[in-house]
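Derivation of every value follows stated rules applied to the coordinates shown; laboratory data play no part. All figures in this text were calculated on a predicted structure; none of them were measured in a lab. A quick note on method: Cβ atoms are made from the backbone with ideal geometry, for glycine too, and the neighbour counts reach across all protein chains shown.
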Amino acid sequence: MFKNVAKTSWRVVKITTGGLVLVVGVLMIVLPGPAIIVIPAGLAILASEFKWANGILKWFKDKVKSKFQKSNIKEETNAK
């Protein structure tokens with residue numbers, strides 16, 4: 001019984017923390033702050049419990065990787 005209570009409590013803590021970090025990150029879009037860092041952090045916490053958060057986090061990582069790859073290609077062509 002104690003294992004179930006501890007497991008459920010830990011899950012509630014993760015969901016609450018992830019949701020709070022995500023909401024703060026979304027607020028940072030209009031308020032000063034590093035939203036581009038905080039939003040993925042909240043999604044990463046929530047991704048341990050929800051598939052939808054994992055999907056959004058994967059989409060975000062793919063977008064960031066493609067932007068970095070495009071910027072590296074532009075820098076290499078400008079250097080030559």
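Annotations for the structure displayed:
- The count of lysine pairs in the chain that are at least 8 places apart or cross chains, and whose C-alpha atoms lie under 25 Å apart, stands at 20.
- Equivalent ellipsoid dimensions for the chain as semi-axes, Å, which come from the Cα gyration tensor, largest first: 35, 16, 8
- Label-to-label distance for MET1 and TRP59 is 4.4 nm, based on points extended 7 Å past Cα in the beta-carbon direction.
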